[in-house]
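Here the structure is laid out as structure tokens; the discussion comes afterwards.
The values are calculated or read from the model by the stated rules, or taken from the named source; none is laboratory data. This is a predicted model, so every value here is computed, not measured. Methodologically, a virtual Cβ is constructed for each residue, glycine included, from the backbone with ideal geometry; neighbour enumeration extends over all protein chains shown. With ligands, DNA and RNA removed, areas are computed over all heavy atoms of the protein, side chains included. Shrake-Rupley method; radii C 1.70, N 1.55, O 1.52, S 1.80 Å.
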Amino acid sequence: MNKGKVNLRLFVKYVFLLLFIAAAFSYAMFQGGFVSWFLFYSVITVVIATVLVAVYPFRIVKVEREIHQNVLRAGESMTVTVTLHKRALQPFFYVRVQDLIPMKLGTYDESGSLFFFSFQKRLVFSYNIRDVKRGSYSFDELSLVFGDVFGLFEREKKVSCQTEVLVYPRFHDLPSIPDDARPKQLEGRRIQRSFEEDRSLAGVRQYVAGDRITSIDWKQSARLTKLMTKEFESYQGEGVVVAFDSGAIDRNESIFEHSVELTASLMITFTEKQPGIKLAVRFTDWVSFEVTQSTISKGLIPLARVAPSKDGAPQYHKVYRDWAGMRVYYVCVGLNEQVLNVCKTLLEQGTALIVCLVAASSHDRLFITELEKLGITVFIENE
């Protein structure tokens with residue numbers, strides 16, 4: 001149906017052009033004189049030029065897209081400048097350039113421009129995108145539409161121009177952070193975790209799947225007839241883990257985004273107070289990063305790219321044993337049975353656990369009661 005309308009519209013244009021030429025010729029024949037024939041030949045010249053320009057291919061030498069802001073945070077505005085490099089003698093009547101913006105990046109009024117016949121080698125235009133959203137985006141193509149003065153030979157061409165944009169989450173000052181569950185720490189030089197035997201023995205606990213075999217206390221295991229694992233003190237600078245669980249738990253997008261912001265705020269707050277921390281983000285699997293005040297962007301990149309996950313965090317994971325003896329700020333979107341099981345595992349690993357939420361629903365309150373019975377601190381930012 002739409003194709004038929006397009007063909008009909010094109011047919012009408014051609015008929016109009018032929019009638020226009022016929023009218024000019026009739027006027028010249030019946031009127032006579034220099035002016036009449038001059039008008040007729042002018043019309044023919046324009047028509048021929050239109051056909052030639054339409055047939056001649058429009059060649060772009062290079063396309064550039066520049067993002068003026070080096071660092072972007074959610075909610076800010078960004079300015080984009082597009083430059084098309086063409087041949088100096090490239091003929092065209094007009095070209096309409098439209099930059100194809102990734103979905104959900106932000107709001108904008110216009111992302112293109114219209115250029116008329118020009119001998120300039122560069123065609124440049126800029127536009128603004130407001131209220132950009134956190135995430136990783138890729139600009140891919142530009143759409144170029146060429147046309148003639150009669151609108152008969154309009155053509156469209158796609159030009160590839162890859163540009164990556166990373167929008168970091170917002171972060172803010174946290175006036176108070178619960179730290180009453182701070183684990184014991186020893187002042188001294190930093191020691192690799194593989195040398196656990198050199199640390200002070202803090203105690204033993206029951207073996208949990210994923211514990212190192214070298215940490216098993218065989219004497220205590222034989223006496224109690226069950227596997228027991230040694231626990232060691234942690235050292236200054238290794239005491240804090242900020243972990244973000246991306247399980248969406250049927251929450252709206254706003255709650256998820258604010259949870260990412262809370263994670264970024266915790267990370268930046270702690271890097272200002274001590275040499276370094278661990279950041280753990282769960283994509284399809286847990287990924288850990290060492291973050292210091294000079295490498296904050298290293299932690300913001302995964303927080304910019306993380307997306308809601310339909311799957312809950314696994315109850316047992318090898319990364320949990322790396323958090324043993326540390327203070328873990330476990331940020332999640334909401335609470336359910338899976339989160340509760342993860343918290344139990346972390347307690348068994350000897351972590352000082354603080355569960356962080358942006359807001360708590362009536363459903364979350366039931367699990368908060370269970371967590372508090374286990375001695376876990378629950379921090380709700382909006383309360």
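Sequentially through the range 292-304, phi angles give Karplus couplings (6.51, -1.76, 1.60; θ = phi - 60°) of 10, 5, 8, 10, 4, 4, 5, x, 6, 4, x, 5, 6 Hz, Gly and Pro residues having no value and appearing as x. I need the shape label for the range 337-383. Rule: rounded when a/c is under 1.5, else prolate if a/b > b/c, else oblate, with a, b, c from the alpha carbon gyration tensor. Cα axes put the range 337-383 in the prolate bin. For the range 241-370, which whole-number percentage of the solvent-accessible area (1.4 Å probe, protein heavy atoms only) is attributable to carbon and sulfur atoms? C and S fraction of accessible area: 51 percent. For the range 109-123, the residues whose backbone nitrogen is under 20 Å from a point 7 Å from the Cα of Lys62, taken along Cα to Cβ, are 119-123.
Near Arg170, the amide H atoms lying under 5 Å from its own belong to Ala74; only residues 5 or more places off or on other chains count, and H is placed 1.01 Å from N. Per residue, the accessible area of the range 226-336 comes to 38 Å² when a 1.4 Å probe rolls over the protein heavy atoms.
Residues whose amide H falls under 5 Å from that of Met228, counting only those 5 or more places apart or on a different chain, are Tyr207, Asp217, Ser221, with hydrogens built in the peptide plane. Between Tyr27 and His85, what's the calculated FRET efficiency when r is the beta-carbon distance and R0 is 30 Å? Round to 0.05. Using R0 = 30 Å, I get an efficiency of 0.10. Which pairs, out of Lys62/Lys121; Lys104/Lys298; Lys86/Lys158; Lys273/Lys298; Lys104/Lys278, put more than 20 Å between their alpha-carbon atoms? Violating the 20 Å Cα-Cα cut-off are Lys104/Lys298; Lys104/Lys278.
Can you give the FRET efficiency to the nearest 0.05 for Ala359 and Val71, using r as the Cβ-Cβ distance and R₀ = 30 Å? Could the numbers behind the result be given before it?
Working: r = 28 Å, r/R0 = 0.94.
The computed FRET efficiency comes out at 0.60.
Under the simplified labelling scheme, the Ser138-Thr369 pair shows an inter-label distance of 4.9 nm, with each label point 7 Å from Cα along Cα→Cβ.
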